[in-house]
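First comes the structure, then the notes that go with it.
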Amino acid sequence: MLRFVATRFGIVIPTFIGVTLVAFSLIRLVPGDPIELWVGERGIDPERHAELLRQFGFDRPLWQQYLGFLGDLLQGDLGKSIVTQQPVLSEFLTLFPATIELSLAAMIFAVAVGLPAGIIAGVRRGSAFDHTVMAVSLTGYSMPIFWWGLLLIILFSGTLGWTPVSGRISVLYFFEPVTGFMLIDSLLSGEPGAFKSAVRHLILPAIVLGTIPLAVIARQTRSAMLEVLGEDYIRTAHAKGLSPLRIIGLHALRNALIPVVTIIGLQTGLLLAGAILTETIFAWPGIGNWLVNSISRRDYPSVQGGVLLVASVVITVNLMVDLAYGLINPRIRRGAGS
Amino acid sequence: MGVSGPSEDRYRTATVEKQGVEKVRNRILAAAVCVSAAVAFSAAASAKTLVYCSEGSPEGFNPSLYTSGTTFDASSRHLFNKLVEFERGSTKIVPGLAESWHASRDGLLHTFRLRRGVKFHTTRNFTPSRDFNADDVLYSFQRQHDPNHPYHKVSGGTYEYYQGMSMPSLIKDIVKIDDYTVQFVLNQQEAPFIANLAMDFASILSAEYAEKMLAAGTPEKVDLEPVGTGPYQLVQYQKDAVIRYKAHPDYWAGKASIDNLIFAITPDASVRYQKLKAGECHVMPYPNPADIAAMQADPDINVLQQEGLNVGYLAFNVERKPFDDKRVRQALNMAINKQAIIDAVFQGAGKVAKNPIPPTIWSYNEATKDYPYDPQAAKALLAEAGAANLKTNIWAMPVQRPYNPNARRMAEIIQADWAKIGVEAEIVSFEWGEYLKRSKNGEHDSVLLGWTGDNGDPDNFLYVLLGCDAAKDGTNRARWCHEPFNDLLVKAKQTSDVGERTKLYEQAQLIFKEEAPWVTVAHSVVFMPVRKEVVDYRIDPFGGHAFYGVDLK
């Protein structure tokens, strides 16, 4: 087991270095000078331009900038945003709880709906329900998030007036954030109605962000169920006269869940990618919205720092999933060790 | 970040409002009809709260450090005052923190008499011990002007507007005559100087607060937790989510009617519209042109409109052949059907431009005769200039700008128009920063661009975009340096007599039209949807959004 853990960590380190390189170079490959973008039509004289480049350290050769970035990184310094002059890490930490909250809510929605839908579709293979689930999940999977979000806003917020349009809580509630998680903070605030308002604001973005994972989970659960239901031991269970509920719930589902858990783990990265669009539509103050703005302003330190931090989160989650498999399934552990 | 806590009163009012909102929402649910929750805003209580769905987050709260309108809306337009100000909804200059001012005969000395009894905001970190005086003016300008000032490098120390308006070379010295008199000594005569002082970068910050923060070792707080003399003071900023202000109780021009001002940051225009419709905000900027008709039909929404202080143009690079020949430029002017562009690109939210300055600016020459749309005459003129079957390019910017909502579409229409007279044009585009840089270097034959005015002075369009100095540094995208035209602009800079300046600029516009370095395409119309309960909102010609003077029914 120790060897397995060491191997996994051995993979993480080069991945992390690779990510620093990608994060650093990708934004620099995008054409556009941050200073030209900043001054716009107004323009800037060449000396002043050169002075600003020097001030931000962008006049140095790229490899020097990269080594500087790595050096600072080792000391836990991700630099300062060239736009707001605030440390990148503190901006990220301020905004990240909003993204986590949204992603968790989306995942809970996806699992809570996707899993039962997939199970029933698998058990009642070929039924109208099965066809409906498959058709709907295919649609959900191919749905452009931006369009889907707007559609839901227009229907539920605009026409029906059931949910608020955007934001994390009604702007009329006023309290200082404590944890950064609005559901918790609204409870801590003790203001009547604040928690309800926060929940109501979370519904639509969570549905929008959870739609693609939901579709994936439903389809994966269905096919895993189908595979397991054809196994000999299920037939044996039937022959033993066990109740169908017990067979499905205890024997089939437990085995079918293994690949499903994998999929849920893999969705973390996708969720964070989806959060970028969802946050922009719903004016959700998370890191997605922030990264989009940083990219369009060519705020190099924010983009490279932000991408690195997001990647670190994804790497960590995947590492934990890997380790968990090793723990659950001895075959994976031995395979890695040999 | 929080600046100061809510008062008991304000807190109670907010709760009442919230309960009101919930009550209305329940009614909506029960009746399943869409009734605006904004009813609750107004039905609520005595304290008035206005919610503005702003388009983005400010870069910070010190307007001298930044250049974006979003930042100015959140800072200078509410938190600070300038020595002189633009009258609400106009480009007229009125007294601000200076009660009066006068210039010496040679125009090099400008003396300002400051207003007495002006109070700064009291915040969690700072309680002012004195009223506004000359020291605050000196601090606010010296910080930007003097590289050795202890605050010059704080918060990045980039004062791009101060630099961009050539203030470092223009201002020789700033002298405190006494506590309530300040004198600016200039290196040369510059008629638009007073208008420059009404711009956002010239906001006056508190010197006493700055000293205190410097002593505490936290100078950057001056820019993050601002203290000004403006009609509102900052209460809380939650990045990318919300900015809260409360009315400054001792504001020198009288306390604002709106007690609590909230900016709900909402980047997407369609979502802003939905929020406005649902009563989650009262005012929204930058609507999608496609939504305007529906907004105008909505009984709960008033759509205000005004011609923007801008111009969208196509500049010919006169350093390249055959654009050095004015007949070619005139012919290409005549070949473009501008009205078709207004209809297709602006969807009616624009007006054909004939002068390089918008009609809302003084000295706009009504007498200028625009080139008629006449492909036949254009073809003949082009042949006469020996440029028949011309092959060229049109640069189209990749972004939406206030003066041009869709440059690509505009370029396609021009391309088709020119094809009718035998001119073959290729459309070229680059990423925005690259586009600005390359067009400044003169790599184009013709380039679509535009300008939004900074200070309402004609000089800010004519000299900045078409003067000989601008041709050298490339801001003059036509690279057109025409002595008779330039002489008029220089002469106009050197007199403060508005009547005389008007004559000079009117003449300059006629020369410009005759020489045709640009095709003046359009001035856009700015639309501002506000809810019916909003009283006396005025569109700022400079594109800003300010709420002092606004009330709620």
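The values are calculated or read from the model by the stated rules, or taken from the named source; none is laboratory data. What you see is a predicted model; the values in this text were computed from it and never measured. Here Cβ is always computed from backbone atoms with ideal geometry, including for glycine, and neighbour counts include all displayed protein chains. Side chains included, ligands, DNA and RNA excluded: accessible areas come from the protein's heavy atoms. Shrake-Rupley method; radii C 1.70, N 1.55, O 1.52, S 1.80 Å.
Identify, among A:Leu270, A:Ile217, A:Ala198, the residue whose Cα sits farthest towards the positive end of the charge dipole of the range A:185-280, taking +1 on the Cβ of Lys and Arg and -1 on the Cβ of Asp and Glu, with the dipole about the Cα centre.
In the range A:185-280, that residue is A:Ile217.
On average over all directions, what projected area in square nanometres does the range A:195-252 have, based on the convex hull of its Cα atoms?
Projected over every direction and averaged, the Cα hull of the range A:195-252 covers 5.6 nm².
Please work out, to two decimal places, the log10 of the ratio I(q)/I(0) at q = 0.06, 0.10 Å⁻¹ from a Debye calculation in which every Cα of the protein assembly as shown carries one identical scatterer.
Here log10 of I(q) over I(0) equals -0.48, -1.23.
Quick check: from the Cα gyration tensor, does chain B come out rounded (a/c under 1.5), prolate or oblate?
Verdict is oblate for chain B.
Compute the relative contact order of chain A as a whole-number percentage, counting only Cα pairs closer than 8 Å that sit 6 or more residues apart in sequence.
Result for chain A is 29 percent.
For chain B, what relative contact order do you get, as a whole percent, if you take Cα pairs closer than 8 Å and at least 6 residues apart?
Over chain B, the number comes to 19 percent.
Diagonalise the Cα gyration tensor of the range B:232-389 and give the resulting equivalent ellipsoid semi-axes, square root of 5 times each eigenvalue, largest first, whole Å.
46, 20, 15
How big, on average over all directions, is the shadow cast by the Cα convex hull of chain A, in nm²?
That works out to 23.5 nm².
Tell me the Kirkwood hydrodynamic radius of the range A:275-326 in angstroms, computed as one over the mean inverse distance between distinct C-alpha pairs.
Kirkwood radius, the range A:275-326: 12.1 Å.
Quick check: from the Cα gyration tensor, does the range A:62-134 come out rounded (a/c under 1.5), prolate or oblate?
prolate
What accessible area per residue comes out for the range A:185-307, rounded to a whole number of Å², with a 1.4 Å probe?
Roughly 40 Å² per residue, with all protein chains present.
I'd like the distance separating the alpha-carbon centroids of the range B:138-158 and the range B:470-533, in whole Å.
Each part reduced to its Cα centre gives a spacing of 32 Å.
For the protein assembly as shown, what is the mean residue ellipticity at 222 nm derived from helices alone (per DSSP H run of n ≥ 4: -39500 (n - 2.57); sum divided by total residues; nearest 500 deg cm²/dmol)?
-15000 deg cm²/dmol
Given the options A:Ile145, B:Val311, B:Trp480, identify the residue whose Cα lies farthest towards the positive end of the charge dipole of the protein assembly as shown (+1 on Cβ of Lys, Arg; -1 on Cβ of Asp, Glu).
A:Ile145
Can you pull out the trypsin sites (Lys or Arg not before Pro) in the range B:320-414 that DSSP calls coil and that have at most 12 other Cβ atoms within 10 Å?
Those that pass, being in a loop and sparsely packed, are B:Lys369.
For the ranges B:297-304, A:270-277, what's the packing order if you count other beta-carbon atoms within 10 Å of each residue, average per peptide, and put the highest first?
Descending packing order for the listed peptides: A:270-277, B:297-304.
Quick check on the range A:1-113: take the gyration tensor over C-alpha atoms, sort the square-rooted eigenvalues as a ≥ b ≥ c, and tell me if it's rounded (a/c under 1.5), prolate or oblate.
Here the range A:1-113 falls in the oblate category.
Using alpha carbons only, how many angstrom separate the centre of the range A:167-226 from the centre of the range B:365-406?
Here the two parts' Cα centres lie 54 Å apart.
What accessible area per residue, rounded to a whole number of Å², is obtained for the range B:413-475 using a probe radius of 1.4 Å?
29 Å²
Rolling a 1.4 angstrom probe over the protein heavy atoms, how many square angstrom per residue are accessible across the range B:107-251?
That works out to 34 Å² for each residue.
Please compare each pair in B:Lys92/B:Lys513; B:Lys326/B:Lys440; B:Lys82/B:Lys354; B:Lys176/B:Lys221; B:Lys153/B:Lys239; B:Lys379/B:Lys491 to a cut-off of 31 Å on the Cα-Cα distance and tell me which ones are over it.
Table pairs above 31 Å Cα-Cα are B:Lys82/B:Lys354; B:Lys379/B:Lys491.
Under a point-charge model restricted to the Cβ atoms of Lys and Arg (+1) and Asp and Glu (-1), what is the dipole moment magnitude of the range B:408-553 relative to its Cα centre, in debye to the nearest 20?
Here the range B:408-553 has a charge dipole of around 320 debye.
Please express the Cα-Cα pair-distance distribution P(r) of the range B:95-184 as a list of whole percents, one per 5 Å bin, running from 0 to the bin with the greatest distance.
Per 5 Å bin, starting at 0, the Cα pair percentages come out as 3, 12, 19, 20, 21, 16, 7, 1, 0, 0.
From the backbone phi of the range A:288-301, what are the Karplus-calculated ³J(HN,Hα) couplings (6.51 cos²θ - 1.76 cosθ + 1.60, θ = phi - 60°) in whole Hz, Gly and Pro given as x?
Couplings: x, 4, 5, 5, 4, 4, 5, 5, 5, 8, 6, 7, 3, x Hz.
List the aspartates and glutamates whose Cα lies under 18 Å from the Cα of B:Lys275, skipping any in the same chain that are fewer than 8 positions away.
List returned: A:Glu279, B:Glu17, B:Glu22, B:Glu55, B:Asp240, B:Asp291, B:Asp298, B:Asp300, B:Glu533.
With only Lys, Arg, Asp and Glu charged, each at its Cβ (+1 for the first two, -1 for the last two), find how big the charge dipole of chain A is about the Cα centre; round to the nearest 20 debye.
So the dipole magnitude of chain A works out to roughly 1540 debye.
Chain pair A, B: how much accessible area is buried, both chains summed, with a 1.4 Å probe, in Å² to 100?
Buried surface at the A/B interface: approximately 5200 Å².
Could you tell me which trypsin sites (Lys or Arg not before Pro) in the range B:104-135 are loop residues by DSSP with no more than 14 other beta carbons within 10 angstrom of their beta carbon?
B:Arg105, B:Arg116, B:Arg124, B:Arg130
Not counting the cut sites, what is the longest span of chain A without trypsin sites (Lys or Arg not before Pro) that DSSP labels loop and that have at most 16 other Cβ atoms within 10 Å?
That would be A:1-123.
Give, rounded to the nearest 20 debye, the magnitude of the charge dipole that the protein assembly as shown has about its Cα centre when Lys and Arg contribute +1 at Cβ and Asp and Glu contribute -1 at Cβ.
2920 debye
Just want to confirm a number: the relative contact order over the range B:120-184, from Cα pairs under 8 angstrom separated by 6+ residues, in percent.
Answer for the range B:120-184 is 30 percent.
Carbon and sulfur atoms: what percent of the 1.4 Å accessible area of the protein assembly as shown do they account for?
With neighbouring chains kept in place, the figure for the protein assembly as shown is 58 percent.
For the range A:179-303, what number results from the quotient of the Cα radius of gyration and 2.2 N^0.38 Å?
1.54
Which of the trypsin sites (Lys or Arg not before Pro) across the range B:210-282 are loop residues per DSSP, with 11 or fewer other Cβ within 10 Å?
Listed in order of number, the matching sites amount to none.
Among B:Val182, B:Pro63, B:Leu390, pick out the residue whose Cα is farthest towards the positive end of the charge dipole of chain B, where Lys and Arg carry +1 and Asp and Glu carry -1 on C-beta, about the Cα centre.
B:Pro63
Rounded to the nearest whole Å³, what is the per residue volume of the convex hull around the Cα atoms of the range B:463-515?
Spelled out: Cα convex hull of the range B:463-515, divided by residues, is 64 Å³.
Protein chains only, probe 1.4 Å: how do B:Thr127, B:Thr71 rank by accessible area, largest first?
Result of the area sort, largest leading: B:Thr127, B:Thr71.
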